[in-house]
Amino acid sequence: MNMDIQKNGFLSIDQLANQVINAPKQSNDAAGTKNADGLSFGQVLSQKSLEEQGLKFSKHASFRMSDRGIEMTDDQMNRLNDGAKKAAEKGIKDSLVLVDDMAFIVNIPNQTVVTAMDSTETVENVFTHINGAVIM
C-alpha cells in the first residue's frame with residue numbers, strides 16, 4: 001500500500017480513509033469461539049482476572065471464618081485461589097472448593113468467597129446453590 005506522506009509528515013484524510021477501507025479484514029474472537037487452548041473468551045477473562053487479583057472474601061465469609069475460628073496458611077490460600085482458577089477454566093459459576101478440612105463456596109465471576117465452613121460444619125455434606133466442585 002502506497003502512503004504518500006505530505007510535507008508536514010501527516011496522512012491526508014483521503015489517504016487515511018483509503019488505508020482503513022482497504023485494510024485486510026480481521027476476525028473478531030466472539031464470546032462463543034474458542035482459543036487455541038479450547039477456552040472461550042469469557043473463560044480466559046475470568047482466569048486472567050483471578051490470576052491478577054486473587055479472591056476476595058465477602059463480609060459474610062469473613063464473619064463466618066472469624067466466628068468459626070478458621071485460619072488459613074499461605075499454602076491453603078494459594079490452593080483456594082488455584083481451585084477457583086480451575087473452576088473458572090471449566091466455566092463453573094458457583095463452586096464448592098474443598099481445601100483440607102475446609103469448604104468454601106466461591107462465586108467465580110465475582111471472584112468472591114461467599115461463605116466458609118470447617119469440617120464440623122460440613123456434617124450433613126449437603127451443599128446448595130453450586131454448579132461445580134473442586135477438591136484441592
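Some points to look at:
- Near the amide H of Val134, within less than 5 Å, lie the amide hydrogens of Leu96, Val97, Leu98, all on another chain or at least 5 residues away, with H placed in the peptide plane.
- Translational diffusion of region 72-136 was estimated from the Stokes-Einstein equation, with Rh taken as the Kirkwood radius over Cα pairs; at 25 °C and 0.890 mPa s the coefficient is 212 µm²/s.
- Once the Cα-Cα distance is subtracted from the 0.36 nm per residue extended length, the Asp75 to Phe41 segment shows a gain of 9.3 nm.
- Neighbourhood charge, 13 Å Cβ-Cβ cut-off, centred on Thr73 and excluding it, Lys, Arg +1 and Asp, Glu -1: -4
All of the numbers you see were taken from the coordinates with simple rules; none came from a lab. What you see is a predicted model; the values in this text were computed from it and never measured. A quick note on method: Cβ atoms are made from the backbone with ideal geometry, for glycine too, and the neighbour counts reach across all protein chains shown.
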